[in-house]
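The values are calculated or read from the model by the stated rules, or taken from the named source; none is laboratory data. For clarity, every value in this text was computed on a predicted model and none was experimentally measured. Cβ: placed from backbone, ideal geometry, glycine included. Neighbour counts: every protein chain shown.
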Amino acid sequence: MSNQLTFQKKSLMQQGYQCYTPTELSELEWGLRFTPAACTALTVVALIMQWPTLAFIVSALGIWAFFFPAAHPMDLIYNHLIAPMLGATKLPPNPLQRRMACLSAGILNFTIGVLFLSGQILGAYLIGALLVTLQLIVITSHFCVLSWMYEGVMRLLGRWQVPLSVDEAKRLLKNGAQLVDVRSEVEFAKAHLQGAINIPVDNIEQHAEEFSGKPILVCCASGMRSQIAQHKLQQVGAEEIYDLGAFDKLSDYLPIEQ
């Protein structure tokens, strides 16, 4: 049943896709395999052919993806070429945990390239074997070791909080909650949800008194800055602060203004 939380769906939520329903996760399950599979294939070729240049290229893909959630080159290939041909759901921007996995894979691929250049072939193969094994686990099961470790650390620090569900966010908004977009003024001007106000995360704690007595929903582009904003407000004593995560997940409920 698509509404049941299977191990794979739970693993996707651990990767940062907590905002999606089981049905939506079912629609994404196969598409989300494309990028790690494609990158792993390139890594395998680099290892077999001992091509440091290819390892550096794959490394650049992972590092780029960390800084640009919606612009992983492999995701773009899938969304613009493969998904339309298959009639499949397009991939959403990558959440923080998945981007961290991309970054770590990028670092390992970079290490492989450096080892090849320095003539340490065995070392390159050992790092490559580790990377390919971890990637194969992700491809087959969606279980990401780094995301699992990230959740464990966050739980130990008391910082692990799941973004608000769409239904709960709608309920709060109907009851008068204020939507606060914590992106930059430039990003907010390009597109934002109707009714949202803009207070960048950098100085949001200075506005804590403005939020007293009213539930606040903080949002951003991917969920990273909204989580930071929630923590900063809670540190200065603000109550009823909820992390919505990515603002566009409410786009079917509130129009996006540009």
(request) Mind counting the residues in the range 215-230 that are part of a loop (DSSP other than H, G, I, E, B) and at pLDDT below 85? (result) 3
(request) Please work out which residue is surrounded by the most Cβ atoms within 10 Å (Cβ to Cβ), limiting yourself to the range 240-258 and to residues that are modelled with pLDDT of 85 or more and over 17 Å from E187 (Cβ atoms). (result) D243
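Can you tell me which residues in the range 219-258 are acidic (D, E) and within 21 Å of the chain's Cα centre (by Cα)?
Here is the first cut: in the range 219-258, the residues acidic (D, E) are 239-240, 243, 248, 252, 257.
Passing the criteria: D243, D248, D252.
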(message) Let me spell it out: the conditions are (1) outside the structural domain of I137 (by TED's automatic domain parsing); (2) at pLDDT 85 or above; (3) under 22 Å from the mean Cα position of the chain (by Cα); (4) aliphatic (A, V, I, L, M), and A196 meets all of them except one. Which number is the exception?
(response) (3)
(message) Go through (1) hydrophobic (A, V, I, L, M, F, W, C); (2) free of Cβ contacts under 8 Å to residues at least 60 places away in the same chain; (3) assigned to a helix (DSSP H, G or I); (4) under 20 Å from F247 (Cα atoms) for W64 and report which single condition fails.
(response) (4)
(request) Can you tell me which residue among F143, F110 is aromatic (F, W, Y) and over 22 Å from L12 (Cβ atoms)? (result) F110
(request) Could you give me the residue pairs with C-beta distances under 7 Å whose first residue belongs to the range 153-180 and is over 14 Å from G245 (Cβ atoms) and exposed (fewer than 10 other Cβ atoms within 10 Å of the Cβ), whose second residue is modelled with pLDDT of 75 or more and not small (G, A, S) wherever it lies, and which are 6+ apart or on separate chains? (result) G176/K214
(request) Return the residue satisfying two criteria in turn: it lies in the range 39-55 and is surrounded by fewer than 19 Cβ atoms within 10 Å (Cβ to Cβ) and free of Cβ contacts under 8 Å to residues at least 60 places away in the same chain, and of such residues it is nearest to I107 (Cα to Cα). (result) L42
(message) Going residue by residue through the range 206-219, is there one that turns out to be buried (at least 22 other Cβ atoms within 10 Å of the Cβ) and touching a residue at least 40 places away in the same chain (Cβ under 8 Å)?
(response) yes
(message) Exactly one condition in (1) within 19 Å of the chain's Cα centre (by Cα); (2) assigned to a helix (DSSP H, G or I); (3) at pLDDT 90 or above is false for F143; which is it?
(response) (2)
